[in-house]
1. Which order do the peptides 107-114, 132-139 take when ranked by the mean count of other beta-carbon atoms within 10 Å per residue, highest first?
2. In nm, give the distance between the simple-model label positions of residue 202 and residue 309, each being 7 Å from the Cα along the Cα-to-Cβ direction.
3. Reported to two decimal places, what Rg/Rh ratio describes region 198-310 when computed on Cα atoms with Rh from the Kirkwood expression?
4. Got a sec? Which residues in region 167-182 would a label at residue 128 touch, if it sits 7 Å along Cα→Cβ and we count backbone N under 20 Å?
5. (1) 36, 21, 18; (2) 27, 21, 20; (3) 34, 27, 18: which one is semi-axes √(5λ) of the Cα gyration tensor in Å as calculated from this entry?
6. Roughly how far apart, in whole Å, are the Cα centres of region 108-163 and region 67-100?
7. Sort region 121-180 into rounded, prolate or oblate with this rule: let a ≥ b ≥ c be the square roots of the eigenvalues of the Cα gyration tensor; rounded if a/c is under 1.5, and if a/c is not under 1.5, prolate when a/b is larger than b/c, oblate otherwise.
8. Cβ neighbours within 10 Å, averaged per peptide: list 265-272, 117-124 in order, most packed at the top.
């Protein structure tokens, strides 16, 4: 069946989108679906500002705290989980309310993904061996001979993307640039996305980011990070790079004061929120734009519900 609804409530960190999603879901018999790349991980509910047990009791929430912090989840991994969850919600006669600030997740869900297949393990091992023997600059030179367009777009020091471009060519016989010119594939072609974005001004958002970071510290973020650090995971894993984890990790390791860790955590959170605002402003089209952080304002909720039902 065509034209199945999916509500999407997006916006930068600390803008109130989770609360708006919860209250919208309550009003339309919905289920909240997570689209935040940090809230998918277990062990960091305070740092990632996951919904509380009380909030989850009000309305069903899915795709939160589903992966161990040792898992290097990708956009493709999340999309697979999201597709399954959304179809299940439809089957139950309810409406998915997707919310999060990870633009890449939302863009791929709404607009589709590249048809590039997953590369074989032996191909990835071959390229990894080449990288070890030749270095990333030589690999970039190889890429320039195969796919000049991709090579000009990628930095010679961008190890991950240079490797990926070579893996795709060796595995499929097509260059990454050729794949990128192919039509995108939508996981949910029958979905009608009813989009809302929260776009507060910078000063309001900064204030909320700073206040939230202080609250996280009060609610046990340091203990959460200490437990995570004791696992000695790869610092490049997504969960280890969540806002606040590297900064508070320095404090836990005794390399700075708590005051300095909090200062840096707030600074980096503010910078991240600014990048999100820029992305959503230029890349995310919405039926409804809310020009203030959501904090339970009745008129905002009514406007969103009216727009969704229309």
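Throughout, read-outs are computed from the coordinates displayed, never taken from laboratory work. Note that the coordinates shown come from a computational prediction; the quantities given were computed from them, not determined experimentally. Don't worry about glycine lacking a Cβ; one is built from the backbone with ideal geometry, like all the others, and counts go over all protein chains shown.
1. Values: 107-114: 17.6, 132-139: 13.0.
Top to bottom by mean Cβ count within 10 Å: 107-114, 132-139.
2. Modelled inter-label distance: 3.9 nm.
3. On the way: Rg = 17.4 Å, Rh = 16.1 Å.
For region 198-310, the value is 1.08.
4. Answer for region 167-182: 167-172.
5. Of the labelled values, this structure produces (3).
6. First find each Cα centre; the distance between them is then 28 Å.
7. Working: a/c = 1.91, a/b = 1.11, b/c = 1.73.
Oblate is the answer for region 121-180, as a/c is 1.5 or above yet b/c matches or exceeds a/b.
8. Working: 265-272: 17.9, 117-124: 12.9.
Highest mean packing first, the order is 265-272, 117-124.
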